[in-house]
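The values are calculated or read from the model by the stated rules, or taken from the named source; none is laboratory data. Computed from a predicted model, the values in this text were never measured in an experiment. Note: ideal-geometry Cβ built from the backbone for every residue, glycine included; neighbour counts use all protein chains shown.
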Amino acid sequence: MFKIIKRIFIWAGDKKSRLYRGFLWSFLSAVFTAMPIMGAAYALNLMLEDQAGRIILSPVWALYMLVFMVFMILGRFLFSYLRATYQDSVGFEVTAEERMKIGDILKRVSLGFFDRNSTGELVGSVTTDLSFVEMFAMKMVDTVIGGYISSFAMVLCLLFYSWQAAAVSMLGILLSALALRLMEEFSHRNAPVHQKAQNDIISSTLEYIRGIPVVKAYGQEGVSTDSIRKAYQKHRKINVKIEKNYVPCNCLHLFSLKLASIVMTAVSAVLAVSGALSVSVFLMLAVFSFVIFGHVEQINNATHVLQVIGPTLDKLDKIKQAEFIDTDGKDMDLKDFTVQMKDVKFSYDKRPVLDGVTFTVPRNTTTAIVGPSGSGKTTICSLIARFYDVDSGSVTVGGIDIRKLSCDSLLKNISMVFQNVYLFHDTIINNIRFGKPEATMEEVVVAAKLARCHDFIAALPDGYNTIVGEGGSTLSGGEKQRISIARAILKNAPVIILDEATASVDPENEHFVQSAISALTRGKTIIIIAHRLATIENADQILVLDGGKIVQKGTHEELSAENGIYRRFVSIRKQAEGWSIM
């Protein structure tokens, strides 16, 4: 338990000094909680002395006691407020910084990191897990440390009146600590199981939501819910079993404290009967026996929560220890934008994709890449953008190995239009501005007109300020494609990568988008993946991939004259593009 608390202190970073000050305020708050009880005992003793005729109390003493009590209560609330001010906000502040750090980390790792790690686990780490830490980490630290501090402060107060009562209270705290240690052992074993069950329900939920269109299309609603239902049932069973495991230790913990309260009262009574304590002090100790363990009793819940926080911090540390793809990269200004691959080999895990690929895309020329599905076309584009690192060989831009460049200095020179367009849940104008946040409205409109998307944007109720759904779900495929092209046009990078950029554009707009792409790509280094002849036949060179190797290279005319994959590809495309309904 205390090891995890230590990790939370380290996690708090430069804000942990606020935690220390918060503990000071907790101590003072406990003192001001105890003082009214001691003051009441003192007042009772004066009243008994007055009734016995040994002293004469004046009415002003009542005013003194009232002022004292009010001062103690105000002091208690003041120090409780200071503790909350210093401690409670630390979790929210650190969590916000952690999310930003993780965001920066995830954008600098290889995409292979996402292949090796479950999306549900990553999403759970950044959302559910971090939210759990955000809500409970500081509260549990205060519950444990603050609880013991408060009890320690009250034990110190007891020492002024009865060392026997103080000793009994300390013994009760030690016995409860033993029970908490046993509970911690259970929690340590159960926390990873609980964490896995939590990850499973997140993954199952994500899979269910993403697969709803397929489920509806095939009428398999019942089948699709089996996985998510089993995950939820397993999560419930594990939580119930964990709670049952805690019952004996929790009962022992509470029994130790309640027994200590009874023994404290009994010891105080014996001392009072023997004359060692006054009646007023006996009553004070009896009251203390009911309140002294109040904060320690709550530690049982904190024990389990802290053990769940431990694996969560492990997951976050694992993400933060992910190797940056550009660890050795430096910021450089590129002067030449010739793209070259030399004997590149690459595999996804153990599945080979590229085998000895070598080619050059001269500056300010267009290279089209064609080939069967799975031949490695998109992989080549991903390697040029350094989404992955090659297994062997090299990729250079302007003669500089891209492994020597930072991702920012490389990607600021590349615009990409993907086959599967993703738009953020934001306004259309911000989605177009994504590659150039400082762009003016006029620049955005010009880019949109070139991409032939201005008209449909203007027709929307809020125009460019229209919020698109997550992933662009409120727009058609062609509309999303044109917005992504507008985004690339606005960025105006010297290297353009188009991965099936016109795949979702309707025939009516394809000609206009082709014109826009021509305007975008004029005077730039272009790499195009496409299957439509209109897109590739004017390329300066065409690379034909098959089985991860370049099997043909040349212009459209040259390759059309050869007997090979490209000529068969052209024949098939002409038949596909020229079909009609009779």
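Numbers below:
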quantity	calculated
Subset of segment 540-562 (residues that are assigned to a loop (DSSP other than H, G, I, E, B) and either within 17 Å of Ile380 (Cα to Cα) or at pLDDT below 85 (or both))	Gly547, Gly548, Glu562
Yes/no for Thr502 being at pLDDT below 75, under 25 Å from Val357 (Cβ atoms) and in a helix (DSSP H, G or I)	no
Candidate set: segment 1-24, residues that are within 30 Å of Leu182 (Cα to Cα) and in contact with a Phe, Trp or Tyr (Cβ under 8 Å, 6 or more places away or on another chain); chosen: the one surrounded by the fewest Cβ atoms within 10 Å (Cβ to Cβ)	Lys16
Which listed residue is touching a strand residue (DSSP E or B) at 6+ places or on another chain (Cβ under 7 Å), over 30 Å from Ala153 (Cα atoms) and without any contact (Cβ under 8 Å) to a residue 24 or more places away in the chain, from Thr378, Thr360, Thr338	Thr360
Residue under evaluation Ile242, criteria (1) in a helix (DSSP H, G or I); (2) within 26 Å of Asn45 (Cα to Cα); (3) hydrophobic (A, V, I, L, M, F, W, C), criterion not met	(2)
Number of positions in segment 335-368 that are out of contact with any Lys or Arg (no Cβ under 9 Å at 6 or more places or on another chain) and among the small types (Gly, Ala, Ser)	2
Within segment 316-366, tally of residues that are over 23 Å from Gly112 (Cβ atoms) and either at pLDDT below 90 or part of a loop (DSSP other than H, G, I, E, B) (or both)	13
Conditions (1) surrounded by 16 or more Cβ atoms within 10 Å (Cβ to Cβ); (2) on the phi < 0 side of the Ramachandran plot: number failed by Gly393	(2)
The listed residue being within 28 Å of the chain's Cα centre (by Cα), within 30 Å of Ala486 (Cα to Cα) and aliphatic (A, V, I, L, M), out of Met416, Met341, Met332	Met416
Contacts under 7 angstrom Cβ, first residue in segment 1-29 being over 17 Å from Tyr148 (Cβ atoms) and of a type in the set (Phe, Trp, Tyr), partner at pLDDT 85 or above and buried (at least 17 other Cβ atoms within 10 Å of the Cβ), 6 or more apart	Trp11/Val94
Residue count, segment 353-377 (criterion: surrounded by fewer than 19 Cβ atoms within 10 Å (Cβ to Cβ) and not small (Gly, Ala, Ser))	9
Hey, Arg386 part of a loop (DSSP other than H, G, I, E, B), charged (D, E, K, R) and either modelled with pLDDT under 90 or within 25 Å of Gly356 (Cβ to Cβ) (or both) or not	yes
Matching entry among Leu254, Leu277, Leu283, Leu271 (being in contact (Cβ under 8 Å) with a residue 12 or more places away in the chain and outside any helix (DSSP H, G or I))	Leu277
Residue count, segment 367-383 (criterion: hydroxyl-bearing (Ser, Thr, Tyr), more than 28 Å from the chain's Cα centre (by Cα) and not in a loop (DSSP other than H, G, I, E, B))	2
Residues of segment 274-289 that turn out to be under 24 Å from Ser150 (Cβ atoms) and hydroxyl-bearing (Ser, Thr, Tyr), as a count	2
